[in-house]
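The structure appears below as structure tokens.
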Amino acid sequence: MTASSRIAERLKKVNPSSTLVITSKAKKLKAEGKDIVNFAAGEPDFDTPDFIKEEAIRAIQSGFTKYTPTTGIPELKKLICEKFKKDNSVEYFPEQIVVSCGAKHSIYNTLLALVNRGDEVLIPLPYWVSYPEMVNLCEGSPRFIKTRSDNNFKVTPGELESHISAKTKLFILNSPSNPTGCVYNKKELEAIAKICVEKKIFVISDEIYEKLIYDGLTHVSIASFSRDIYDLTVTINGLSKSHSMTGWRIGYLGAPKDIVEAISKLQDHSTSNPNSIAQKAAQAALSAPDDFSKKICAEFQKRRDYCAKRLGSMKKITYVLPEGAFYIFFNIAKTGLDSGTFASRLLDELYVSLIPGNGFGMDDYCRMSFATSHDQLEKGLDRIEQFLNKL
Ligand SMILES: Cc1ncc(COP(=O)(O)O)c(C=O)c1O
């Protein structure tokens, strides 16, 4: 065995998480006592609501601490079906649901179940950092569809169609999107659905930011349009962003039965069931009215407006106003710096951490998260302004 053959080939194509470099440097500086403003967060800054925690405590105390059915407990799967019907007008039955260890796990399971070696997977660019790497892990071939800022970073039907080849198996749709916050409307999704049906391409619809959507816009699920697109779609969601439950690791998917059967086998022989206690907590979350997600959504909208106003008055920065999620993806081309240099200088010189756009496929952008308090936003934006002024 040589040094280079110790690690399996499939991992050689996979890049480490680009967010890691900045976040670990920020942690180090913080440990040294530096006053770091964190605009890198990928999770809501609110605590998980008490009624959810209490249900988890009850689950522990009553001994609900053993294996559950692999795809999730029946009560939770029933609630997920009700949620899909009520919020998304999509009808799934419990045997079409798999609960997994976070939405990321649901997406990875889906890719493993659908992608053969060499299959092409279409991914809008900029993209969430994990999509291409998960496709690489499945030995598929990520193909990027570069979107335009003047179309709010949304893929047009023409752009989608022109990237489809005989090898295309799947299209990954993420609305609201990380990192841009763009939200597809019904008409745009119908046009995408029509192409996917005509060309027989599967869709992974990652709807994890569904509840964080602004300006009175409504979220639309692509699987709701027709039987044809429903049969090609795997709808992904979870509790991480809507209920501030990132650490609990509960995500889920709804899909046609044959896909669910394949994913169930996979999960059976890999992770087994997601954590039993977290499933009970998820049951409490989905049984309650949407008050918590509405509350955090209203707060995020206020913060977005504040950040947009501040960034809008800064030299050398442009952005498209996000309509959902909790990020602003801003253009730094006029600074003359690439995103890695911009982010590391901002951290070294003014102690603000944010994520360079190169990890999302765009090196002339950076992503700031507004999942932090107003005071921190004010302080961090003052520092960004100072940084830009001295460039
Ligand atoms: C677009 C997108 N999809 C999925 C996920 C994963 O969510 P989870 O924490 O439920 O695995 C994230 C997390 O940041 C995300 O941004």
Could you tell me whether any residue of the stretch 321-332 is on the phi < 0 side of the Ramachandran plot, exposed (fewer than 15 other Cβ atoms within 10 Å of the Cβ) and acidic (D, E)? no
Counting only residues that are away from the ligand (no atom under 11 Å from the Cβ), buried (at least 21 other Cβ atoms within 10 Å of the Cβ) and either on the phi > 0 side of the Ramachandran plot or part of a helix (DSSP H, G or I) (or both), the stretch 109-134 contains a total of 5
Here the residues within the stretch 30-82 that are buried (at least 19 other Cβ atoms within 10 Å of the Cβ) and within 16 Å of the ligand (Cβ to nearest atom) are N38, F39, A40, A41, G42, P44, T48, I52, G72, L76, I80
For the stretch 59-67, does any single residue satisfy the condition of being hydroxyl-bearing (S, T, Y), in contact with a helix residue (DSSP H, G or I) (Cβ under 8 Å, 6 or more places away or on another chain) and touching a residue at least 60 places away in the same chain (Cβ under 8 Å)? yes
Some residue of the stretch 374-390 being touching a residue at least 12 places away in the same chain (Cβ under 8 Å), touching a helix residue (DSSP H, G or I) at 6+ places or on another chain (Cβ under 8 Å) and assigned to a loop (DSSP other than H, G, I, E, B): no
Candidates I296, I317, filtered to the one that is in contact with a helix residue (DSSP H, G or I) (Cβ under 6 Å, 6 or more places away or on another chain), closer than 24 Å to P176 by Cβ and buried (at least 20 other Cβ atoms within 10 Å of the Cβ): I317
In the stretch 227-258, what count of residues is obtained for those that are of a type in the set (S, T, N, Q), touching a Leu at 6+ places or on another chain (Cβ under 7 Å) and in a helix (DSSP H, G or I)? 0
Identify the single condition in (1) within 16 Å of the ligand (Cβ to nearest atom); (2) under 17 Å from V115 (Cα atoms) that I201 does not satisfy, given that it satisfies every other one. (1)
Of the residues in the stretch 280-333 that are aromatic (F, W, Y) and outside any helix (DSSP H, G or I), the one that is farthest from E385 (Cα to Cα) is F326
Out of (1) assigned to a helix (DSSP H, G or I); (2) buried (at least 24 other Cβ atoms within 10 Å of the Cβ), the odd one out for E261 is which? (2)
I'm trying to understand the selection: among the residues of the stretch 114-136, which are within 12 Å of K169 (Cα to Cα) and out of contact with any Ser or Thr (no Cβ under 8 Å at 6 or more places or on another chain)? L114, V115, N116, R117, I123
Take the residues in the stretch 137-147 that are touching a residue at least 60 places away in the same chain (Cβ under 8 Å) and not in a strand (DSSP E or B), then tell me which one is farthest from N174 (Cα to Cα). E139
Suppose the filter is β-branched (V, I, T), within 24 Å of E95 (Cα to Cα) and in contact with a Cys (Cβ under 7 Å, 6 or more places away or on another chain); does V203 pass it? yes
Select from the stretch 264-279 the residues that are within 23 Å of F64 (Cβ to Cβ) and in a helix (DSSP H, G or I) and list them in ascending order. S264, Q267, D268, S276, I277, A278, Q279
Going through T341, T318 one at a time, which residue ends up being over 20 Å from the mean Cα position of the chain (by Cα) and closer than 25 Å to L20 by Cβ? T341
Is it the case that V90 is at pLDDT 95 or above, within 16 Å of the ligand (Cβ to nearest atom) and of a type outside the set (D, E)? no
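With under 25 Å from K294 (Cα atoms) and of a type in the set (A, V, I, L, M) as the only criterion, which of L11, L76 stands out? Don't jump to the end; show me each part of the working.
On the way: L11 fails: under 25 Å from K294 (Cα atoms).
Going through L11, L76 in turn, the sole match is L76.
Residues checked against (1) of a type outside the set (D, E, K, R); (2) farther than 30 Å from D45 by Cβ; (3) touching a helix residue (DSSP H, G or I) at 6+ places or on another chain (Cβ under 8 Å):
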{"position": "I195", "(1), (2), (3)": "yes, yes, yes"}
{"position": "E207", "(1), (2), (3)": "no, no, yes"}
{"position": "T218", "(1), (2), (3)": "yes, no, no"}
{"position": "L232", "(1), (2), (3)": "yes, yes, yes"}
{"position": "S244", "(1), (2), (3)": "yes, no, yes"}
{"position": "W248", "(1), (2), (3)": "yes, no, yes"}
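Residue by residue, here is whether (1) over 26 Å from A281 (Cα atoms); (2) among the acidic types (D, E); (3) within 11 Å of the ligand (Cβ to nearest atom); (4) buried (at least 21 other Cβ atoms within 10 Å of the Cβ) holds:
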{"residue": "P176", "(1), (2), (3), (4)": "no, no, yes, yes"}
{"residue": "P179", "(1), (2), (3), (4)": "yes, no, yes, yes"}
{"residue": "N185", "(1), (2), (3), (4)": "yes, no, no, no"}
{"residue": "I192", "(1), (2), (3), (4)": "yes, no, no, yes"}
{"residue": "C196", "(1), (2), (3), (4)": "yes, no, no, yes"}
{"residue": "E207", "(1), (2), (3), (4)": "no, yes, yes, yes"}
{"residue": "G216", "(1), (2), (3), (4)": "yes, no, no, no"}
{"residue": "I222", "(1), (2), (3), (4)": "yes, no, no, yes"}
{"residue": "T233", "(1), (2), (3), (4)": "yes, no, no, yes"}
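The values are calculated or read from the model by the stated rules, or taken from the named source; none is laboratory data. Predicted model, so just to flag it, every value in this text is computed and none were measured. Neighbour counts are summed over all protein chains in view; Cβ atoms, including those assigned to glycine, are modelled from backbone coordinates with ideal geometry.
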